[in-house]
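See structure below.
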Amino acid sequence: MTETELLFNGRWLNVRRRGGWEFVERANPKGAVIIVALTDADELVFVEQFRPPVDAVTIEMPAGLIGDIEGTEHEDAITSAHRELIEETGYEAARIDYVTGGPVSSGLSTEIAHFVRATGLKRVGEGGGDETENIVVHHVPLKDAAAWLVAKAAAGHPLDPKLWAGLYFAERNADGSAWR
């Protein structure tokens, strides 16, 4: 096994080199959870927020880091999803099911993203994120979601390709079977 060298140690990210390949890893959390949140009216819940790394307002599915807050180090994806969904959107889910997970960018990062599906949503708060975030919540009918996303991209909002995977999981399981 090739030795791994630490090049930079930050609060949230480490930069490492292994066999001449430089990559980043999350310093604290165990990965990220992406929440495909569906209302009883068959709407997808999206969030809009400014992201400094791309210096733009992005459109995303609600998401968050797993185990990033002191006292949550042992959280799993489902528990983190419940917490993040309330924080970002103000919705509590009656049910959250694990869909699938895998590397976000295997040539750049060790981070693993986990998709979950949240249903039975009930408004329990304002949402908008924590004190460091300014999140706008959008409700988009599932049947219109792809066109809505394309329009947002045309308006200058960067879209993470994982949004398209989320749309797929709004109607299907990871194996391609219908989930409803």
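Residue count for the range 111-144 under the criterion of being over 17 Å from the mean Cα position of the chain (by Cα) and either surrounded by 18 or more Cβ atoms within 10 Å (Cβ to Cβ) or over 17 Å from residue 87 (Cα atoms) (or both): the result is 6. Filtered by the rule that a residue be farther than 30 Å from residue 93 by Cα, crowded, with 16+ Cβ neighbours inside 10 Å and among the basic types (Lys, Arg), the range 1-38 gives a lone residue, 16. The single condition from (1) surrounded by fewer than 14 Cβ atoms within 10 Å (Cβ to Cβ); (2) within 18 Å of residue 114 (Cα to Cα); (3) not hydroxyl-bearing (Ser, Thr, Tyr) that residue 174 fails is (1).
Does residue 102 satisfy being part of a strand (DSSP E or B) and either out of contact with any Pro (no Cβ under 9 Å at 6 or more places or on another chain) or among the aromatic types (Phe, Trp, Tyr) (or both)? First the steps, then the outcome.
On the way: part of a strand (DSSP E or B): yes; either out of contact with any Pro (no Cβ under 9 Å at 6 or more places or on another chain) or among the aromatic types (Phe, Trp, Tyr) (or both): yes.
In short, yes.
Those residues that are of a type in the set (Phe, Trp, Tyr) and over 20 Å from residue 141 (Cβ atoms), I need them from the range 23-46; list them, please. Write out each step before concluding.
Taking the range 23-46 and keeping what is of a type in the set (Phe, Trp, Tyr), we get 23, 46.
Matches in the range 23-46: 23 only.
Report yes if residue 95 is within 22 Å of residue 177 (Cα to Cα), touching a Ser or Thr at 6+ places or on another chain (Cβ under 7 Å), assigned to a strand (DSSP E or B) and modelled with pLDDT of 95 or more, otherwise no. Here the answer is yes, as residue 95 does meet what is asked.
Considering the range 75-104, the residues that are touching a strand residue (DSSP E or B) at 6+ places or on another chain (Cβ under 6 Å) and of a type in the set (S, T, N, Q) include one that is farthest from residue 135 (Cα to Cα), namely 100. Do we have any residue at all in the range 159-170 that's farther than 30 Å from residue 23 by Cβ and not polar (S, T, N, Q)? Yes, the range 159-170 contains a residue that is farther than 30 Å from residue 23 by Cβ and not polar (S, T, N, Q).
Out of 33, 24, which single residue is in a strand (DSSP E or B) and either over 22 Å from residue 102 (Cβ atoms) or in contact with a Leu (Cβ under 6 Å, 6 or more places away or on another chain) (or both)? Show your work before the answer.
Working: 33 fails: either over 22 Å from residue 102 (Cβ atoms) or in contact with a Leu (Cβ under 6 Å, 6 or more places away or on another chain) (or both).
Just a single option satisfies the conditions, and that option is 24.
Is it the case, given these coordinates, that residue 100 is loosely packed, with under 15 Cβ neighbours inside 10 Å, polar (S, T, N, Q) and under 13 Å from residue 36 (Cα atoms)? Don't jump to the end; show me each part of the working.
Working: loosely packed, with under 15 Cβ neighbours inside 10 Å: yes; polar (S, T, N, Q): yes; under 13 Å from residue 36 (Cα atoms): yes.
Yes; evaluated as a whole, the condition is true for this residue.
The set of residues from the range 41-74 being out of contact with any strand residue (DSSP E or B) (no Cβ under 7 Å at 6 or more places or on another chain), assigned to a loop (DSSP other than H, G, I, E, B) and either among the hydrophobic types (A, V, I, L, M, F, W, C) or modelled with pLDDT of 90 or more (or both) comprises 41, 55, 69.
The values are calculated or read from the model by the stated rules, or taken from the named source; none is laboratory data. Here the structure is a predicted model, which is why all the values come from computation and not from measurement. Reconstructed Cβ throughout: ideal geometry from the backbone, glycine too, with neighbour counts over all protein chains shown.
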